[in-house]
Amino acid sequence: MPVQASRRPSPPGSAAPSGRVAAAIPVQARSSGDGPGARPPGFGGDGPAGGGGSPKKKTRRKDPLWARLTVVFGAVLMLSSGVAIVGSKVLIGQATGDIAKGNLLGEAGKSDAEGGASLDGPIDMLLLGVDARERWAADDVRSDSIIILHIPATHDQAYLISIPRDTEAQIPPFKKSGYPGGTGKINGAFQAGAANGGGWEGGAQLMAQTIKRLTGISFDGAAIINFGGFKNVIDALGTVRICVSQEVKSLHMSYVDGKPMWNADAKKTGKPRTPVVHKKGCQEMEGWAALDYSRQRKTLKNGDYDRQANQQQLIKAMAKKATDGGMLTNPAKMNNLIKAAGKAFVLDTGGVAIENFIFTMRGVTANELTMLKTNGGTFHANGNNTEGLSEETMAMFQAVKQDKLAEFVFTHPEVISTRK
């Protein structure tokens, strides 16, 4: 029997129901300190405004229920065996009651006409990675990792598709942060929505709207992944097996007395530093190493495209470790994993209870997680110092929207990532 779920009614710019949004979602105003990047075009006079008004809102059900879900279940643990899920359904429901939650989709959530009130059809989730630092204000953070998780209506397969951070996009106006709209790199949409007190919730909403405008895809759920907290999830798993495709020297970390440290902290010691180098080949990585490896971009052959593949690879490795390591059949281990995930993620599934959501995914396993490439996995400049999306990539997104991705991949095998 299909699992029915009510959808969120709150549009971007409106207040969430009192007490429903967890305090873990940053909403404070921007500080005057250092930030991760400039404001998006059209915001605060930095460039031309553009792009028309927000998409017309479709009728949605009026009884919101905030999801009790974390992305480690949405994008990792849900990719597990049916036996483990059935045995853990009650435990999962109890253990995840305090997970941070929020309205991350706004108007980009699936309408009832799109099957949004049911998990019986295809499921599309937006996964946003932010690399928040303590010195940065919560409303001055960009989302450099943008991944669409597509699960077809058969619920026996899952696909990961990354959107390049430098993709040129029309970012719609956003009332909550006062953003007037404009054209710019897509990773700036999160920052524009988070500004002026919009917080991470506002950032996710504007990013989701921007992606919907660009690709036509509406979403069942969304997750914000704080990569700074991702290390704890990997540590709870122990290690993850990663096959490094090209040797890369870290731009962020060094060894001091054999201990890995952030470069800024390593410099303060005054001691000799040895660069962290991720050697080519398959290896078991601890949390700090896997996180550092997945952050590298500038020294990779294909820049952000190689980083996209590395991050997809890490998610798959985590899924495989969770299932192969018996994590879901060991209550103590699973509880530790849930606690670690709760410090790294904020998630919205449009009102679907976690146990029902995971149960619906029981046919998907880590081995059925297929990683796909945009733009053939390499640069596709459009002449404006930004990236465009190729015709093949746009056709792939259309296949997602129509739930015909399996057929598309069969006829376009070159989009499949060969990473192990």
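The values are calculated or read from the model by the stated rules, or taken from the named source; none is laboratory data. For clarity, every value in this text was computed on a predicted model and none was experimentally measured. Cβ: placed from backbone, ideal geometry, glycine included. Neighbour counts: every protein chain shown. Just so you know, the surface numbers come from the protein's heavy atoms only, side chains and all, with ligands and any DNA or RNA stripped out. Shrake-Rupley method; radii C 1.70, N 1.55, O 1.52, S 1.80 Å.
Quick rundown of the values:
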read-out	value
With all protein chains modelled, accessible area of Arg142 [1.4 Å, Å²]	50
Qualifying GluC sites (Glu not before Pro) for region 194-292 [loop in DSSP, other Cβ within 10 Å: at most 13]	Glu247
Length released on extending from Glu286 to Thr154, taking residue separation times 0.36 nm less the Cα-Cα span	44.1 nm
Segment Thr418-Ser390, extension gain: residue separation times 0.36 nm, minus the distance between their alpha carbons	8.1 nm
Distance between modelled label sites at Asp324 and Thr299, nm, 7 Å Cα→Cβ extension	2.8
Extension gain, Lys175 back to Cys243 (0.36 nm per residue minus Cα-Cα distance, nm)	20.1 nm
For region 210-351, diffusion coefficient by Stokes-Einstein and Kirkwood Rh (Cα), 25 °C, 0.890 mPa s, µm²/s	146
Solvent exposure, largest accessible area first (probe 1.4 Å, DNA, RNA and ligands not counted), of Trp262, Trp200, Trp288	Trp262, Trp288, Trp200
Interatomic Cα distance distribution for region 231-279, bins of 5 angstrom, percent	5, 19, 20, 20, 22, 10, 4
Exceeding the 18 Å Cα-Cα cut-off - candidates Lys185/Lys212; Lys333/Lys420; Lys231/Lys267; Lys212/Lys401; Lys231/Lys321; Lys231/Lys268	Lys333/Lys420; Lys231/Lys267; Lys231/Lys268
Cβ-derived FRET efficiency at R0 45 Å, Ala264 paired with Lys404, nearest 0.05	0.40
Square roots of five times the Cα gyration tensor eigenvalues for region 159-281, Å	36, 19, 15
